[in-house]
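Here is the structure we will look at.
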Amino acid sequence: MARTPLLMGNWKMYKTVGESRSFAESLAKQSAALGASVEYAVCAPFTTLHVLRVMLPSQVKIGAQNVYPEKEGAFTGEIAPPMLVEFGTQYVLAGHSERRTLFGETDDLIGRKVRAIVDHGMRAVLCVGENLTEKESGQTNAVVAGQVIAGLASLSASQVAESVVAYEPVWAIGSGKTATPEDAQSVASEIRKLISEKYDASAAEKVRILYGGSVKPNNIASFLSQPDIDGALVGGASLDATSFADMAKAVGGAQA
Ligand SMILES: O=C(CO)COP(=O)(O)O
């Protein structure tokens, strides 16, 4: 069964409401680039979700970059899953490497976030990836496997099937260096094999695996043309509407 490709932007801590409005207006003018065979989403700062929901072309879904794994409570500064649902949020990132390294998120907390996202009817995008030291010491597959197992631990096979795993080597994020498409494919294939072993063949067949790390309009097709890579999670190159539209065109081409 064919998996629908997913082009997902991660805006990180960029864009005010005014800047988000400009992005949405510009992308709306280029919406012919958003082909029907691909799914699109933008994971934006909480403060911009409303304006994006109202103004983005309807093909582009709304995603959040973080969530706290409780329904409500005395957790100053945090955002609860029902608050995201109310905005029409369909995807939520969990375990981005910046959250793991800058904010000390553990595999245990990330697993609880994934569970909370799914429990509230949204789709989790579990981010995994090795750092440079781990890559150079040949630990990539072991590190990624540990993060995948812990992140998805509380989900059933059918919930895993509906989720997304984003393989983002830490050394490739914002560095201008990418994994080779072949290396990214090899890790994606290992992730799929692991999910087949831990859950079942159907979950492995259905779960979407994205590559992230210095993806640009001129290299995205080389990743999407790999058999186990179903899309891209894009930081810097997703901030500009024309660049987003160019990637949409390239993804449509790669899947044609
Ligand atoms: O971290 C990323 C997406 O989540 C990747 O960022 P860049 O595309 O800017 O390298």
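Give the residue list of trypsin sites (Lys or Arg not before Pro) in the stretch 166-256 that are DSSP loop and have at most 16 other beta-carbon atoms within 10 angstrom. If you can, show how the numbers build up before the last one.
On the way: sites: Lys177, Arg192, Lys193, Lys198, Lys206, Arg208, Lys249; in loops: Lys177.
Passing both the DSSP loop test and the Cβ count: Lys177.
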Chymotrypsin sites (Phe, Trp or Tyr not before Pro), loop per DSSP, at most 12 other Cβ atoms within 10 Å - longest free stretch of the chain: 104-256
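What number comes out for the charge environment of Gly138, summing +1 per Lys or Arg and -1 per Asp or Glu over other residues with Cβ under 14 Å away? Let's see the in-between values first.
On the way: positive: Lys135; negative: Glu130, Glu134, Glu136, Asp183, Glu190.
Combined, the nearby Lys, Arg, Asp and Glu give -4.
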Counting only heavy atoms of protein chains, what accessible area per residue, in Å², does the chain have with a probe of 1.4 Å? 43
Any idea how far the Cα center of the stretch 86-132 sits from the one of the stretch 225-253, in Å? 21
Taking each full run of DSSP H in the chain as one helix, which ones are at least 30 Å long along their axis (Cα atoms) and have mean Kyte-Doolittle hydropathy of at least 0.5? none
Can you send over the carbon and sulfur percentage of the accessible area for the chain, probe radius 1.4 Å, protein chains only? 52
Comparing Glu205, Glu70, Glu136, which has the greatest mean-square fluctuation in the GNM of the chain with Cα pairs linked when under 10 Å apart? Glu136
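To the nearest 500 deg cm²/dmol, what mean residue ellipticity at 222 nm is calculated for the chain from DSSP H runs of n ≥ 4 alone, each contributing -39,500 (n - 2.57), summed and divided by the residues?
-12500 deg cm²/dmol
Greater than 25 Å separation of Cα atoms is the criterion. Which listed pairs, Lys61/Lys113; Lys198/Lys249; Lys12/Lys198; Lys61/Lys249, meet it?
Long pairs (Cα-Cα over 25 Å): Lys198/Lys249; Lys12/Lys198.
Around Ala124, under 12 Å between beta carbons, what's the net of Lys plus Arg minus Asp minus Glu among the other residues?
Values: positive: Arg112, Lys113, Arg115, Arg123, Arg208; negative: Asp119, Glu162.
Net local charge, Ala124 excluded: +3.
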P(r), alpha carbons of the stretch 89-168 - 10 Å bins starting at zero, rounded %: 20, 53, 23, 4
Alpha-carbon centroid distance for the pair the stretch 158-209 / the stretch 1-72, whole angstrom: 22
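The values are calculated or read from the model by the stated rules, or taken from the named source; none is laboratory data. Worth saying up front: this structure is predicted, and the values here are computed from it rather than measured. Quick reminder, even Gly has a Cβ in these numbers, built from the backbone with ideal geometry, and neighbours come from all protein chains shown. Note: accessible area is taken over every heavy atom of the protein model, side chains too, but ligands, DNA and RNA are not part of it. Shrake-Rupley method; radii C 1.70, N 1.55, O 1.52, S 1.80 Å.
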